[in-house]
Amino acid sequence: MSAAEIARRRAFAIISHPDAGKTTLTEKLLLYGGAIQLAGSVTSRKNQRSATSDWMELERQRGISISSTVLQFEYDGCAMNLLDTPGHRDFSEDTYRVLTAVDSVVMVIDAGKGIEPQTRKLFEICRQRGIPIFTFMNKLDRFTKPPLELMDELESVLGIHAYAMNWPLGTGSDFKGVFSRRDQQAHFFERTPGGAYRAPVKVSDLSDQTVRDKMYPETYATVCDEIALVEGAGPSFDEAAIDKGMLTPVFFGSAMNNFGVQMLLDAFVKYGLPPQPKESTIGVIEPTNPAFSGFVFKIQANMDPRHRDRIAFIRIVSGKFEREMSVIIARNGKRIRLNSSHKLFGQERETVDVAWPGDIVGIVGHGDLRVGDTLTDKPGIVYTALPRFAPEVFAYLHSDNTSQFKRFREGLDQLLQEGVVQVLQVRGSLSRSPLLGAVGPLQFDVVQYRLKNEYGADSRMEQTPYTSMRWFDPSLPREVMEATTLPEGTRMVEDDAGRLAVLFDSDWALRYVTEKNPNVRFVTQVV
Ligand code: G4P
């Protein structure tokens, strides 16, 4: 029973650069999953960018209830867990950490723009984990870069081999559909109003006269040439390479018009990985291992004013989760009862009685839990700590009101435990205020807002000129790190675990230090 439940689970995330179409695709996936019957027409959201999460934004607009952390829906016998990767203003270390809790990802690319910076950053994390990456080339109904160029970008910019599962029959106003290479069929594109319903799809062979008739002769000839080139020079379909994240299956389509989404979903269900085993201190733990285990990848406190509490999100790795079960926090050996377990659905919470590997459960109220904690009913299982990612924005946080200082410290400690920001000690600095580092600038607003609202502590931010940070490769001897020649404007810092790092004020400074100190290596992640 449990093996079947595990095999039908898929935990995944969508990665993209803002505006590529992640929200639209999410909505269409829900549509196919039957989670919403009718997606509303897409209205302007540009002026609503201040919402705390993309999904909350979607919720507000559509008046539908979807969770802001994980969406669960059924598709073709599979239980899908789609995890949100906050990406607009709320881009943060959490966005990266979410990627440690999924088994595969869908990468959405705006085909008019190609690969953009945020996609690249998120892709890097997925590549390091070696998980399957499915690419959706979106907005084919508009003017796009030439499809061959887009395929080439995946190879040259991201360094991943790409296999086109389907090929566009023209683009922009000339876009007539896609040719599916695996089954040698043409799927014609029909613009349905707002793309709100399942788009009707007719299929036939590419050499079929109906296909030729649909296209201008030049477009047809170009498409035939492109497909011949891809068949001849492109990589072959290799499932094992997809599983390892070395080959990405590429789907051309249009999320807004609901075109190509089903092809993506069908392939995802077929080739996306079920819950994977995970390395622990006592060896690899298989999902079918009867011992319950999981890890906390995100903590969210007080985000919903109606529920002033703290939720720890757990990715289940092995065993069966049951409400009221008693587990051990591996970090301190403390035993806790998971009596307040929830599936979060928008603002509503639904109690979870049973969950399986691949599922995400929200545990409410346990102040003891930290990001990266292992929870298990079998003492001994400890999963490696979640990595810390190099911050990209830096600011001093001052508490000018001495009577509030205690509350300020207490609040800040809580936020540091949640991993909202990182604290850094600057070598030789006389400032009593902590230097904070964050992956996304909104995190500083979150810190100030929460210090004020939850702890009654005012604070003042002071911007700094730093633009990046690199840790020294931990395998380097400390003397080598200490002896690094640094130019004016760069500073040596220590993080809360005593690891040495350097703050740079420009890309030039980073390059300069790397060139001047050939025996020094830097890293952007540490465990
Ligand atoms: P994001 O979550 O990745 O930031 O992207 P989102 O889905 O919000 O989409 C960004 C914009 O791109 C939206 O337009 C959306 O309608 C549009 N879009 C998404 N998929 C497609 C597609 O397949 N074709 C075309 N032509 N457009 C697409 P917007 O102007 O921001 O909002 P709206 O006025 O359309 O609502």
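The values are calculated or read from the model by the stated rules, or taken from the named source; none is laboratory data. None of the values given here were measured: they were computed from a predicted structure. Methodologically, a virtual Cβ is constructed for each residue, glycine included, from the backbone with ideal geometry; neighbour enumeration extends over all protein chains shown. The protein model used for the area step is the full one, side chains on, heavy atoms only, and it has no ligands, DNA or RNA in it. Shrake-Rupley method; radii C 1.70, N 1.55, O 1.52, S 1.80 Å.
What list of ³J(HN,Hα) couplings, whole Hz, do you get for region 135-143 from phi and the Karplus terms 6.51, -1.76, 1.60, once you set θ to phi - 60° and write x for glycine and proline?
9, 10, 7, 9, 6, 5, 6, 10, 5
What lysines could a cross-link reach from Lys334, if we take a straight Cα to Cα line under 19 Å and drop same-chain neighbours fewer than 8 places away?
Hits, sequence-local ones excluded: Lys378.
Could you tell me the accessible area of Lys334 in Å² (1.4 Å probe, neighbours in place), rounded to the nearest ten?
Here the accessible area works out near 100 Å².
To make sure I understand the rule: partners must be lysines, Cα under 19 Å from the Cα of Lys406, and not fewer than 8 residues away in the same chain. Which ones qualify?
In chain and number order, the partners are Lys452.
Which is the longest run of the chain containing none of the GluC sites (Glu not before Pro) found in DSSP loop states (not H, G, I, E, B) with at most 10 other C-beta atoms within 10 Å?
Longest run free of exposed loop sites: 1-323.
Setting aside same-chain residues fewer than 8 positions from Lys270, which lysines have a Cα under 25 Å from its Cα?
Here the lysines satisfying the reach criterion relative to Lys270 are Lys22, Lys28, Lys139, Lys202, Lys244, Lys278, Lys320.
With everything on Cα atoms, drop me the angle between helix 507-516 and the longest principal axis of the chain, reported from 0 to 90° to the nearest 10.
Roughly 70 degrees, rounded to the nearest 10.
Between rounded, prolate and oblate, where does region 365-492 land on the alpha carbon gyration tensor, with a ≥ b ≥ c its root eigenvalues, rounded for a/c under 1.5, else prolate if a/b exceeds b/c? Walk me through the intermediate numbers first.
Numbers: a/c = 2.11, a/b = 1.03, b/c = 2.05.
Oblate.
Which cross-chain or sequence-distant (5 or more) residues have an amide H under 5 Å from the amide H of Trp167, H modelled 1.01 Å from N in plane?
Under 5 Å from the amide H of Trp167 lie the amide H atoms of Phe179, Ser180, Arg181, each far enough along the sequence or on another chain.
Say a paramagnetic label sat at a point 7 Å from the Cα of Asp238, along Cα to Cβ; which residues of region 123-155 have their backbone N under 19 Å from it?
127-135, 151-155
Compute, for Asp213, the solvent-accessible surface of its heavy atoms (probe 1.4 Å) with the complete set of protein chains present, and express it in square angstrom to the nearest 10.
110
DSSP loop chymotrypsin sites (Phe, Trp or Tyr not before Pro) in region 71-177 with at most 13 other Cβ atoms within 10 Å of their Cβ, which ones?
On the way: sites: Phe73, Tyr75, Phe91, Tyr96, Phe123, Phe134, Phe136, Phe143, Tyr163, Phe175; in loops: Phe91, Phe143, Phe175.
When the chymotrypsin sites (Phe, Trp or Tyr not before Pro) of region 71-177 are filtered for loop state and at most 13 Cβ neighbours within 10 Å, Phe143 remain.
Find the accessible area per residue for region 401-527; the probe is 1.4 Å, ligands and nucleic acids are left out, and the unit is Å².
Working: 6560 Å² over 127 residues.
Per residue, region 401-527 has 52 Å² of solvent-accessible surface.
Subtract the Cα-Cα distance of Ile336 and Asp458 from 0.36 nm times their separation in residues, and report this length gain in nm to one decimal.
Working: separation 122, 0.36 × 122 = 43.92 nm, distance 3.44 nm.
Once the chain is fully extended between Ile336 and Asp458, it gains 40.5 nm.
Would you work out what percent of the accessible area of the chain, with all protein chains in place, is carbon or sulfur (probe 1.4 Å)? Show your work: numbers first, answer last.
Numbers: 11110 of 21980 Å².
Heavy-atom surface of the chain belonging to carbon and sulfur, 1.4 Å probe: 51 percent.
Using the beta-carbon distance between Glu286 and Asp496 and R0 = 30 Å, what value does 1/(1 + (r/R0)^6) give for FRET efficiency, to the nearest 0.05? Each step should come with its number before you reach the end.
On the way: r = 34 Å, r/R0 = 1.13.
FRET efficiency, Glu286 to Asp496: 0.30.
Could you tell me how many degrees, from 0 to 90 and to the nearest 10, lie between the Cα long axis of helix 405-418 and the main elongation axis, the longest principal axis, of the Cα atoms of the chain?
Around 40 degrees separate the two axes.
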